[in-house]
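Novice: Take a look at this one; I'll ask things after.
The values are calculated or read from the model by the stated rules, or taken from the named source; none is laboratory data. Keep in mind it's a predicted model, so treat the numbers as computed, not measured. Every residue, glycine as well, gets a Cβ built from its backbone with ideal geometry; the counts of neighbours run over all protein chains shown. For accessibility, only protein heavy atoms count, side chains too; no ligands or nucleic acids. Shrake-Rupley method; radii C 1.70, N 1.55, O 1.52, S 1.80 Å.
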Amino acid sequence: MRITHSVIVAALLLASGRLLAANVLLSNVVVYDGTGGEPYRGDVRIEGARITAVAPHLEPKAGETVLDQRGLALAPGFIDMHSHGDRDFTEDRAAAAASRQGITTILVGQDGGSMYPLRDFYAKIEGNPSAINLASMVGHATLREQVMGKDLYRPSRPEELARMKDLLARELSAGAYGLSTGLEYEEAHFATTDEVVELSKVAAQAGGFYISHVRDEAARTFDSYDEVMRIGREAKLPVQITHIKMGSTSVWHQAAKRMPGYFEQARKEGIDLKADVYPYTFWHSTIRVLVPDRDFYNPQKVENAMVENGGAQNILIVNYAPEPALGGKTLAEIAAHWQVTPVEAYMRIVRATADGDGPGEHDVNVLGTSMSEDDVRWFIAHPDIMFCTDGELDGAHPRGAGSYPRILGHYVRDEKVLSLESAIHKMTGLPAAQLGLKDRGRIAPGYVADLVVFDPATVIDRATVDKPLEPPLGVPGVMVSGEWVVQDGKPTAQRPGKVLRSAAFRP
Ligand SMILES: [Zn+2]
């Protein structure tokens with residue numbers, strides 16, 4: 001690493017209490033500019049928060065710190081299109097699980113749940129910023145809860161829908177990017193498609209898009225995608241199937257057969273259809289999601305859910321508050337331990353964590369292995385499917401700390417499922433376009449210096465079910481608005497992250 005006299009300037013700034021974004025020349029990088037085009041060797045100049053020059057060779061200017069990157073790759077900061085980082089965002093300000101992967105922006109407010117009201121959440125963040133940027137959707141279930149209280153297991157009434165539309169408009173005007181739903185979760189499962197269409201029209205008026213954890217990720221996956229298409233068609237806004245999956249044995253191996261038809265139909269009808277995917281064959285949720293219509297004590301439905309998931313041995317109970325010793329065992333093992341059938345074990349767990357005075361829904365966490373590798377690969381390779389972690393900053397699923405390096409190391413380098421420039425585009429330029437971000441997601445003069453330095457030869461995830469927060473390898477540097485938030489692979493003390501507001505509402 002070449003260091004000039006300007007390091008002294010940086011040191012003085014440090015001594016003054018705050019390290020201002022210094023002027024930096026990143027020399028000798030291989031630029032993956034986020035467009036999906038061919039990479040090229042060059043130098044990149046950063047002045048303050050922005051990129052000011054990109055060229056095969058740039059002469060150092062006076063007062064500039066030259067950092068020789070020795071041929072490492074440089075990409076725009078990654079954008080996580082489905083994050084649960086909002087849960088810990090104001091406490092975990094380093095957001096290391098995200099930043100160490102190269103993620104510089106997370107899109108939160110997912111699965112129908114957003115912080116409420118968003119203005120207060122944003123003010124709290126801006127009073128005490130994070131290392132990374134945050135953008136949010138408005139959650140459909142959040143609107144339902146505000147208007148319908150706990151009486152959620154039914155469609156909304158017309159006057160309730162009218163109030164939800166008003167609330168949605170207000171939340172969007174705080175700068176949110178559209179509407180999210182989690183129609184598989186019981187708080188929203190009883191909403192009609194009409195309810196969602198009417199709300200989506202409000203999001204459309206604000207220039208937003210619709211992102212959905214669809215109504216059924218198992219046997220009725222394609223009915224659920226038809227519903228997404230209908231929402232796009234009738235509300236006239238871009239639609240995104242989030243953490244897309246063929247989530248049950250009855251729809252395995254269907255991605256390559258069925259999905260091209262959806263994208264083709266969308267193109268014909270002028271529906272802007274996108275999706276995002278995380279690179280694992282197992283999910284993480286509550287145990288109740290296995291029976292979305294709340295008929296938890298119907299043995300046939302529970303039995304079907306088990307079969308759809310490939311059997312009780314594929315359902316891992318990560319933690320179980322009523323009997324902590326059972327954490328880490330599969331539902332099959334717990335059933336054997338209790339000497340009951342897996343169906344009875346399921347019902348006993350739901351009963352013991354029914355909301356009320358005792359343990360609740362979130363006192364039991366489940367990892368379900370219910371996807372097929374060929375489908376996951378098909379989604380990862382598809383040009384209109386972006387990436388996400390679906391992770392928390394302190395979560396039980398390794399996706400929260402491993403997704404992006406896993407795509408770059410495992411799926412790009414080792415398995416050659418897609419090219420590196422295409423993967424980078426799907427992590428940067430493509431999501432930036434979906435969010436309407438005009439000055440992020442690309443390496444070019446004028447763009448904000450959200451950047452990732454990584455080594456394509458060594459980058460890899462290390463997070464596992466046993467160690468879900470284990471940091472990845474091969475991501476030495478991450479910059480947000482021209483400041484290093486990760487250096488030598490470790491989080492720094494810098495907190496340059498911003499709340500990103502939708503262009504329609506930017507002041
Ligand atoms: Zn979800």
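Novice: Scan region 352-371 residue by residue and report those that are touching a helix residue (DSSP H, G or I) at 6+ places or on another chain (Cβ under 8 Å) and either part of a helix (DSSP H, G or I) or open to solvent by less than 10 Å² (accessible area, probe 1.4 Å) (or both).
Specialist: The answer is THR353, GLU361, VAL364, VAL366, GLY368, SER370.
Novice: Still on this structure: Show the residue pairs meeting these rules: Cβ distance below 7 Å; 6+ apart or different chains; first residue within region 287-298 and in contact (Cβ under 8 Å) with a residue 60 or more places away in the chain; second residue surrounded by 13 or more Cβ atoms within 10 Å (Cβ to Cβ) and among the β-branched types (Val, Ile, Thr).
Specialist: Qualifying pairs under 7 Å: ILE287/ILE349; ILE287/VAL350; ILE287/VAL364; ILE287/VAL366; ARG288/VAL350.
Novice: Determine which member of the set LEU367, LEU437, LEU430 is under 29 Å from GLU308 (Cβ atoms) and not polar (S, T, N, Q).
Specialist: Values: LEU437 fails: under 29 Å from GLU308 (Cβ atoms); LEU430 fails: under 29 Å from GLU308 (Cβ atoms).
From the options LEU367, LEU437, LEU430, the qualifying one is LEU367.
Novice: Would you mind telling me which numbered condition in (1) touching a residue at least 60 places away in the same chain (Cβ under 8 Å); (2) more than 16 Å from the ligand (Cβ to nearest atom) ASP120 fails?
Specialist: (1)
Novice: Output the residues belonging to region 202-225 that are within 22 Å of LEU161 (Cβ to Cβ) and open to solvent by 40 Å² or more (accessible area, probe 1.4 Å). Before you say what the answer is, go through the steps one by one.
Specialist: First, the residues of region 202-225 that are within 22 Å of LEU161 (Cβ to Cβ): 202-215, 224.
Within region 202-225, GLN205, GLY207, ARG215 qualify.
Novice: Here are some residues: ALA176, ALA169. Which one is hydrophobic (A, V, I, L, M, F, W, C) and surrounded by fewer than 17 Cβ atoms within 10 Å (Cβ to Cβ)? Give the derivation first.
Specialist: Working: ALA176 fails: surrounded by fewer than 17 Cβ atoms within 10 Å (Cβ to Cβ).
When all the criteria are applied, what remains is ALA169.
Novice: Taking the options LYS426, LYS416, name whichever one is modelled with pLDDT of 95 or more and over 19 Å from the mean Cα position of the chain (by Cα). Talk me through it step by step, then tell me what you get.
Specialist: Values: LYS426 fails: over 19 Å from the mean Cα position of the chain (by Cα).
One residue alone meets the criteria, LYS416.
Novice: Further question: Do any residues in region 126-138 that are touching a residue at least 60 places away in the same chain (Cβ under 8 Å) and open to solvent by 10 Å² or more (accessible area, probe 1.4 Å) have Cβ atoms under 8 Å from those of residues that are assigned to a loop (DSSP other than H, G, I, E, B) and of a type in the set (Gly, Ala, Ser), where the two are at least six apart or on different chains, and which pairs are they?
Specialist: Hits for this filter: PRO129/GLY497.
Novice: Kindly list, by first and then second residue, each pair from a residue in region 178-197 that is over 19 Å from ARG163 (Cβ atoms) to a residue that is among the aromatic types (Phe, Trp, Tyr) and within 13 Å of the ligand (Cβ to nearest atom), limited to pairs with Cβ atoms under 7 Å and residues at least 6 apart or on different chains.
Specialist: From residues that are over 19 Å from ARG163 (Cβ atoms), there are no pairs.
Novice: Is there any pair linking a residue in region 87-114 that is away from the ligand (no atom under 16 Å from the Cβ) to one that is aromatic (Phe, Trp, Tyr), with Cβ under 6 Å and at least six apart or on different chains, and which?
Specialist: Once the first residue is away from the ligand (no atom under 16 Å from the Cβ) and sits in region 87-114, its partners that are aromatic (Phe, Trp, Tyr) give GLN101/TYR404; GLY102/PHE78; GLY102/TYR404; ILE103/PHE78.
Novice: Report the residue count in region 305-340 for those that are within 21 Å of SER248 (Cα to Cα) and assigned to a loop (DSSP other than H, G, I, E, B).
Specialist: Residues that pass the stated criteria total 3.
Novice: Further question: Failed condition for VAL202, given (1) more than 16 Å from the ligand (Cβ to nearest atom); (2) part of a loop (DSSP other than H, G, I, E, B); (3) β-branched (Val, Ile, Thr), with all others met?
Specialist: All conditions pass for VAL202, except number (2).
Novice: Failed condition for MET386, given (1) out of contact with any helix residue (DSSP H, G or I) (no Cβ under 7 Å at 6 or more places or on another chain); (2) not in a helix (DSSP H, G or I), with all others met?
Specialist: Only one criterion in (1) out of contact with any helix residue (DSSP H, G or I) (no Cβ under 7 Å at 6 or more places or on another chain); (2) not in a helix (DSSP H, G or I) is unmet by MET386, namely (1).
Novice: Here are the criteria: (1) within 29 Å of THR286 (Cα to Cα); (2) assigned to a helix (DSSP H, G or I). Tell me which single one ALA396 does not satisfy.
Specialist: (2)
Novice: If you don't mind, there's one more thing I want to ask. Within region 172-191, take every residue that is within 13 Å of the ligand (Cβ to nearest atom) and part of a loop (DSSP other than H, G, I, E, B) and give me the one that is farthest from SER224 (Cα to Cα).
Specialist: TYR185
Novice: While we're looking at this one, here's another question. Only one of THR464, THR428, THR458 is under 30 Å from LEU316 (Cα atoms), of a type in the set (S, T, N, Q) and either open to solvent by less than 20 Å² (accessible area, probe 1.4 Å) or touching a residue at least 24 places away in the same chain (Cβ under 8 Å) (or both); which?
Specialist: On the way: THR428 fails: under 30 Å from LEU316 (Cα atoms); THR458 fails: under 30 Å from LEU316 (Cα atoms).
From the options THR464, THR428, THR458, the qualifying one is THR464.
Novice: Another one. Just for region 249-284: of the residues that are among the hydroxyl-bearing types (Ser, Thr, Tyr) and under 21 Å from PRO398 (Cα atoms), which one is most open to solvent (accessible area, probe 1.4 Å)?
Specialist: First, the residues of region 249-284 that are among the hydroxyl-bearing types (Ser, Thr, Tyr): 249-250, 262, 278, 280-281.
Right, trim to under 21 Å from PRO398 (Cα atoms) and you get 278, 280-281.
Values: TYR278: 7, TYR280: 11, THR281: 33 Å².
Filtering first and then ranking leaves THR281.
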